[in-house]
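Quick notes on the structure that follows.
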Amino acid sequence: MREEKGHIDSVYCGSGVDGRGLRCVVFFTGCNLRCPFCHNPETLFKQGKETSAGELCDKLKRYKPYFRKGGVTLSGGEPFLQKKFLLALTALLKEAGIHVVAETNGQIADGEIVSALDGVIVDVKNQETDDLSSYEKFFSLCERRGCDFRITNVLVPGKNDAKEKLAALAALAGKFGKSVKLLPFRKLCTDKYRELGMDFPYENVREAEAEDEERAYKLLCAE
Ligand code: SF4
C-alpha cells in the first residue's frame, strides 16, 4: 500500500476553509472537467510530482499535533481520478488516526472511495447547465454509504445567481437535508492562467461582491 504512486501538484498546510478544523490540503493533478471559473488551472493535467502514498503520509503525519479536530483534505484537480493512490493514502492516514475528507466535483460516483473517506465536499457546477441529476446520484450514493457530505457552489454573477438557479440548488440540497455554502467567484487566479499560457474563460466576468452573496443566501433560504 505504501508503494502506491500518485501525482500531486502541492501540499498546503494551514487551511481553515477546506473541511472542519485546521487542514493540510493535498492538491492532486488531473481533472475530468474544465470549469470556466477554475481557480487551480495548474492542477488540470496529470503532471506534477510523482510521490508514493507512504512518503506523502509520513510528511502529513508531522502536522498531526496541530490538527486537533482538523486533518487532511484531498483536493485538486479531481482526486477521485487517482483511485488506487487515494485509497492507499486514505487508509494510511486513517491508520495514523487522521481525519480525511475529499473535495470533489461529484461526477465520479464511486462507492468504494466514498466509503473509505470520513467525508466529502461536493462543489455543484451549475454555472453553465441546469442539469443537476449527476449530483443527486452522487448525494444518494453518499447517503447509502453513510458518508458525511457538504455542498458548496461557486457563486458567479450573471451565471448562476438567478432566482430559478438558486431555487433548483436549494431544492436539491433540501432533498438531502443539507444547506449550501456559497463560494464567491474570485479572479485571483488570472496570473496563473497567463503563466500557463491558458485562456481564463471567465476573465471578463465580474467577481461576486458581499451584496451578491447576501442576496443569494436570502434566495436560497427562501426555498
Ligand atoms: S472540477 Fe475543480 S479542478 Fe476541475 S476544472 Fe472544475 S474547478 Fe477546476
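Could you give me the ³J(HN,Hα) list for segment 183-193, computed from phi with Karplus coefficients 6.51, -1.76, 1.60 and θ = phi - 60°, whole Hz, x at Gly and Pro?
Taking θ as phi minus 60°, the curve returns 10, x, 4, 10, 10, 4, 8, 3, 5, 4, 4 Hz for segment 183-193.
Only helical DSSP H runs with n ≥ 4 go in: add -39500 (n - 2.57) per run for the chain, normalise by residue count and round the 222 nm mean residue ellipticity to 500 deg cm²/dmol.
The per-residue figure over the chain is -10000 deg cm²/dmol.
What angle do you read, to the nearest 10 degrees and between 0 and 90, between the alpha-carbon axis of helix 210-222 and the longest principal axis of the chain?
80
Can you tell me the FRET efficiency between Ala171 and His39 if r is taken as the Cβ-Cβ distance and R0 is 30 Å, rounded to the nearest 0.05?
0.65
What residues qualify as long-range amide H neighbours of Phe28, i.e. H under 5 Å apart, gap of 5 or more or another chain, H built at 1.01 Å from N?
Here Asp9, Ser75, Gly76 satisfy the definition.
Grab the beta carbon distance between Leu196 and Ser115, set R0 = 35 Å, and tell me the FRET efficiency rounded to 0.05.
Efficiency, from the Cβ-Cβ distance: 0.50.
Return the percentage of antiparallel bridges among DSSP beta bridges fully within the chain, rounded to the nearest 5 %.
Bridges in the chain are about 30 percent antiparallel.
Quick one: Ile108, Ile121, fewest Cβ neighbours within 10 Å first, how do they rank?
Listed from fewest to most nearby Cβ atoms, that is Ile108, Ile121.
Say a paramagnetic label sat at a point 7 Å from the Cα of Gln47, along Cα to Cβ; which residues of segment 181-207 have their backbone N under 20 Å from it?
Flagged as within label range: 189-201.
Between segment 104-168 and segment 1-77, how far is it from one alpha carbon centroid to the other, in angstrom?
20
Which of the residue pairs Lys125/Lys218; Lys46/Lys192; Lys61/Lys175; Lys5/Lys64; Lys59/Lys137; Lys125/Lys192 have a Cα-Cα distance greater than 28 Å in the structure shown?
Lys61/Lys175; Lys59/Lys137
Helix 83-95 versus the longest principal axis of the chain: what is the Cα-based angle in degrees, 0 to 90, to the nearest 10?
The angle comes out near 70 degrees.
What's the Cα-based Rg to Rh of segment 5-222, Rh via Kirkwood?
Here Rg/Rh amounts to 0.96.
So, with +1 on the Cβ of K and R and -1 on the Cβ of D and E, and no other charges, what is the size of the charge dipole of segment 139-223 about its Cα centre, to the nearest 20 debye?
Taking the Cα centre of segment 139-223 as origin, the dipole is about 400 debye.
Ordered by packing density, taken as the mean number of other Cβ atoms within 10 Å over each peptide's residues, highest first, how do 112-119, 65-72 rank?
Per-residue mean Cβ counts within 10 Å order the peptides as 112-119, 65-72.
Could you please rank His39, His7, placing first whichever residue has the fewest other Cβ atoms within 10 Å of its Cβ?
His39, His7
Hey, got the dipole for the chain? About the Cα centre, +1 on K and R Cβ, -1 on D and E Cβ, debye to the nearest 20?
It works out to roughly 700 debye.
Under the rule of at least 5 residues apart or a separate chain, name every residue whose amide H is placed under 5 Å from the amide H of Leu183.
Asn153, Val154, Leu155
Let me check against my output: what whole-number percent is the relative contact order of segment 5-222, with C-alpha pairs under 8 Å and at least 6 apart?
Here the relative contact order equals 17 percent.
Name the residues whose placed amide hydrogens come within less than 5 Å of the amide hydrogen of Ile121, ignoring near sequence neighbours (fewer than 5 apart) on the same chain.
Ala102, Glu103, Thr104, Arg150
Rank by packing, highest mean first: peptides 48-57, 203-212, with packing defined as the count of other Cβ atoms within 10 Å averaged across residues.
My ranking of the peptides, most packed first, is 48-57, 203-212.
Each value in this text was obtained by applying a stated rule to the coordinates, not by laboratory testing. The model shown is predicted, which means the values in this text are computed figures rather than measured ones. Cβ sites come from the backbone with ideal geometry, for glycine too, and all protein chains shown count toward neighbours.
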